[in-house]
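*Asks:* Shown below is the structure under consideration.
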Amino acid sequence: MADRARVLMCPPTHYEISYVINPWMREELGNTSALDAMREWEGLRFALSVLADIEVMAAQPGLPDLPFTANAGLVLENVFVSSRFKNVERRGEEAHNIAWFEAQGFEIRALPETITFEGAGDALFDRAVPRLWMGYGHRTDLAAASALAMLLSVETIPLGLVDPRFYHLDTCFCPLSRGHVLYFPAAFDAAARAAIEARIPAQQRIAVDEADALTFACNAVNIGDVIVLARASAVLRAALENAGYRVVETPLGEFLKAGGSAKCLTLRVDEARAVDSARLAVLEGTD
C-alpha cells in the first residue's frame, strides 16, 4: 500500500480580516464569523483526513492569516524553502513557519533576501513530470524562478499573473494527478498561456469559466483521484468526473472572504520528485 499523503493545516483560532492585502479583503474588513470559520475548517480537515494524515500547526495570536499554510513555503523531499512575504502584515509568520519545519527535521533553505516568494501559493509541482510551475507578478518575484530551480534542481516554469483577484498561482491553477491542469486562462498573460499550452496537451487542460474561478474552484486539493474544493458548477464537476476524478465539495465561504479556499488552507509536506513517466518508459524499453 502506498504511503498516505501528509498535509499541514493550522486552525483558524485567530483568523479575522483586519487588514487589506488583496481585492477580496477590501469589502470584508471585520466581517468574519469565528464559529463559522472553525466549522468550515473542521469540515475541510475531515474531508482530507479520509485521504491523508493531517499535521496541525498551532495558531498564533496576531497572525490571522497563519491558517493559509500553503503560503508558509515550499517542500520538496526533506527541504523546506521558506517564504518571504511581500506584505509586511504577513512577515511575522515567517519565523513561526521556519521553527515548525526545523522541529520536524526539515533542511531549511532560503532564497536571496531581495526576492519575495510566497511558497506553495505561487509554486506548484506538476503531478506527471518533474516540473515546478511558478506564478509571479503580484506577490512573488520573477527572479524566484531561477533561484528555485537552482535551490531544488528542478525545472521551473514562470507564469505571469495579470488579474489582481487571482494574486497567487494556486487561486487560478491546479496541477492534477493524471497529468491534467485545472486553470482559469484569463488570469494569465499571453506568454504564460503559451507556456501552459506548449507543455499540456489540449485534452488535458481543463479550463474553468469566470463563475467557477470566482468561487476558487481552482484552489483545490488533489490527492490521488480525489479533488476537494469548496464548490464546482455542474459543468465543471462533469468535466472533472469525465477526466477520471471524484469531486468532494466542502463549504469554505468564510475563507473566500479573505481570498482563500481549500488549497490555501493546506500544504503538502510529503512532496517527492515526480517521475517522468514518458522518459521512464523509453528507458525501460531499452536494454
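*Asks:* Scan the range 213-229 for residues that are in a loop (DSSP other than H, G, I, E, B) and either over 25 Å from residue 45 (Cα atoms) or open to solvent by 20 Å² or more (accessible area, probe 1.4 Å) (or both) and jot them down. Before the answer, list the steps.
*Replies:* Kept after step one, since they are in a loop (DSSP other than H, G, I, E, B), are these residues of the range 213-229: 215-220, 224-225.
Of everything in the range 213-229, those that are in a loop (DSSP other than H, G, I, E, B) and either over 25 Å from residue 45 (Cα atoms) or open to solvent by 20 Å² or more (accessible area, probe 1.4 Å) (or both) turn out to be 215, 224, 225.
*Asks:* Kindly indicate whether residue 237 is assigned to a loop (DSSP other than H, G, I, E, B) and among the charged types (D, E, K, R).
*Replies:* Numbers: assigned to a loop (DSSP other than H, G, I, E, B): no; among the charged types (D, E, K, R): yes.
Spelling it out, it is not the case that residue 237 is assigned to a loop (DSSP other than H, G, I, E, B) and among the charged types (D, E, K, R).
*Asks:* Would you confirm whether any residue within the range 173-183 is at pLDDT 95 or above, of a type outside the set (A, V, I, L, M), in contact with a Pro (Cβ under 8 Å, 6 or more places away or on another chain) and surrounded by fewer than 17 Cβ atoms within 10 Å (Cβ to Cβ)?
*Replies:* No, the range 173-183 contains no residue that is at pLDDT 95 or above, of a type outside the set (A, V, I, L, M), in contact with a Pro (Cβ under 8 Å, 6 or more places away or on another chain) and surrounded by fewer than 17 Cβ atoms within 10 Å (Cβ to Cβ).
*Asks:* Follow-up. Is it fair to say residue 48 is open to solvent by less than 10 Å² (accessible area, probe 1.4 Å) and in contact with a strand residue (DSSP E or B) (Cβ under 9 Å, 6 or more places away or on another chain)?
*Replies:* Here the answer is yes, as residue 48 does meet what is asked.
*Asks:* Please work out which residue is nearest to residue 260 (Cα to Cα), limiting yourself to the range 148-166 and to residues that are open to solvent by less than 20 Å² (accessible area, probe 1.4 Å) and within 17 Å of the chain's Cα centre (by Cα).
*Replies:* My answer is 166.
*Asks:* For residue 58, state whether it is touching a residue at least 40 places away in the same chain (Cβ under 8 Å) and open to solvent by less than 40 Å² (accessible area, probe 1.4 Å).
*Replies:* no
*Asks:* Of the residues that make up the range 16-26, is at least one in a loop (DSSP other than H, G, I, E, B), in contact with an Asp or Glu (Cβ under 7 Å, 6 or more places away or on another chain) and within 13 Å of residue 255 (Cβ to Cβ)?
*Replies:* yes
*Asks:* With 43, 30 as the choices, which residue is on the phi > 0 side of the Ramachandran plot and either loosely packed, with under 13 Cβ neighbours inside 10 Å or of a type in the set (Gly, Ala, Ser) (or both)?
*Replies:* On the way: 43 fails: on the phi > 0 side of the Ramachandran plot.
Matching residue, one of 43, 30: 30.
*Asks:* Next up: Being surrounded by 17 or more Cβ atoms within 10 Å (Cβ to Cβ), at pLDDT 95 or above and on the phi < 0 side of the Ramachandran plot: is that true of residue 103 here?
*Replies:* no
*Asks:* Hey, another quick one. Taking the range 1-15 as the region of interest, how many residues are outside any loop (DSSP other than H, G, I, E, B) and open to solvent by less than 60 Å² (accessible area, probe 1.4 Å)?
*Replies:* Selection size over the range 1-15: 4.
*Asks:* Another one. Name the residues in the range 61-88 that are open to solvent by 20 Å² or more (accessible area, probe 1.4 Å), in a loop (DSSP other than H, G, I, E, B), free of Cβ contacts under 8 Å to residues at least 60 places away in the same chain and out of contact with any strand residue (DSSP E or B) (no Cβ under 6 Å at 6 or more places or on another chain), would you?
*Replies:* Scanning the range 61-88 gives 61, 62, 63, 86.
*Asks:* Just need a number here: residues in the range 115-147 that are part of a strand (DSSP E or B) and open to solvent by 10 Å² or more (accessible area, probe 1.4 Å). Let's see the steps before the verdict.
*Replies:* The first filter runs over the range 115-147 and keeps only residues part of a strand (DSSP E or B), leaving 117, 123-125, 131-136.
Among the residues that remain, those that are also open to solvent by 10 Å² or more (accessible area, probe 1.4 Å) are: 124-125, 131, 136.
The number of residues fulfilling the criteria is 4.
*Asks:* Scan (1) more than 23 Å from residue 41 (Cβ to Cβ); (2) open to solvent by 10 Å² or more (accessible area, probe 1.4 Å) for the single condition residue 96 breaks and write down its number.
*Replies:* It is condition (1) that residue 96 fails.
The values are calculated or read from the model by the stated rules, or taken from the named source; none is laboratory data. Everything numeric in this text was worked out from a predicted model, so none of it was measured. Glycine gets a Cβ as well: all are built from the backbone with ideal geometry, and neighbour counts include every protein chain shown. What goes into the accessible areas is simple: the full protein's heavy atoms, side chains included, and nothing from ligands, DNA or RNA. Shrake-Rupley method; radii C 1.70, N 1.55, O 1.52, S 1.80 Å.
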